[in-house]
Amino acid sequence: MNPEDEKKLGLYFPTNRLETLTDGLFAIAMTILVVTIEIPMGPIHTSQLFLQTTGEILPKYVVYFLSFLILAGFWINHHILFLIKKTNLTLTWINVFWLMFITLVPLSTSIIAQFPQYQLSQFIFDLNLLMIGLFSYMIWRYALDHDLIRENAKPYDPYIRRITLFMPAIVFLSICISFLNLKWSLLILFMIPLLFVVAIKVWTWRDLKKLILRTKD
């Protein structure tokens, strides 16, 4: 069914159930992330052995913190993106596919945590994040093109669009650098949660609060 048919039939829905589903799946994915940290089995009789074991799992903690911060950033970003007055079947399905890649983050995190020495594991992790970023952009672009965005939010379109496109650009850069250095490729991904923080600073809390209050009127 094309968008025109949907518009004629009035196939629109409130966004509350979709937002509830999103919040629930984010909570599950962010909780499961901790399972990716596997503690080596076996007796530890000395402090030296304990320090050695801790050093072995330290990289897994780094990947865990990175994934958790990225998911947190996506959740906050999605809260901003969903200044949407209504949804339809197409937008709902785009959001569902976006959530599918969100729930895959614990798996891709586990892969890179267990096999950090292989470029393929880095690529799987990067590809997961890339798909999340692209679908995030698709959510906003589709909602804007089909008049699903609240009127007071439309002036902020150029700013929101730039934010949603920066993240896939960072991931693409990480993929390219992974061919040269895996550690630097992973470190570059820390720019993603930093981007979310900077974005909020640029779009001041005052403007954000004003926008949210207006959309509730």
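Coordinate-derived values only; no laboratory data. In this text the structure is predicted, and so the values were computed from the model without any measurement. All Cβ positions, glycine included, derive from the backbone under ideal geometry; neighbour counts span all protein chains shown.
Figure the gain on full extension for A72 and R162 (residue separation times 0.36 nm, minus the Cα-Cα span) and round it to one decimal in nm.
Values: separation 90, 0.36 × 90 = 32.40 nm, distance 1.89 nm.
Here the answer is 30.5 nm.
What is the packing order of peptides 118-127, 24-33, 183-192, taking the mean over residues of other C-beta atoms within 10 Å and listing the highest first? Present the calculation step by step, with values, prior to reporting the outcome.
Details: 118-127: 18.9, 24-33: 15.7, 183-192: 17.3.
So the peptides 118-127, 24-33, 183-192, ranked by packing, come out 118-127, 183-192, 24-33.
Working out 0.36 nm times the residue gap between E38 and K154, then minus their Cα-Cα distance, what length gain in nm do you get to one decimal?
Values: separation 116, 0.36 × 116 = 41.76 nm, distance 4.56 nm.
Here the answer is 37.2 nm.
Taking the beta-carbon count within 10 Å as an exposure proxy, list T164, T109 from fewest neighbours to most.
T164, T109
Once amide H atoms are placed 1.01 Å from N in the peptide plane, what residues at a sequence separation of 5 or more from I149, or on another chain, have their amide H within under 5 Å of its amide H?
Under 5 Å from the amide H of I149 lie the amide H atoms of K85, each far enough along the sequence or on another chain.
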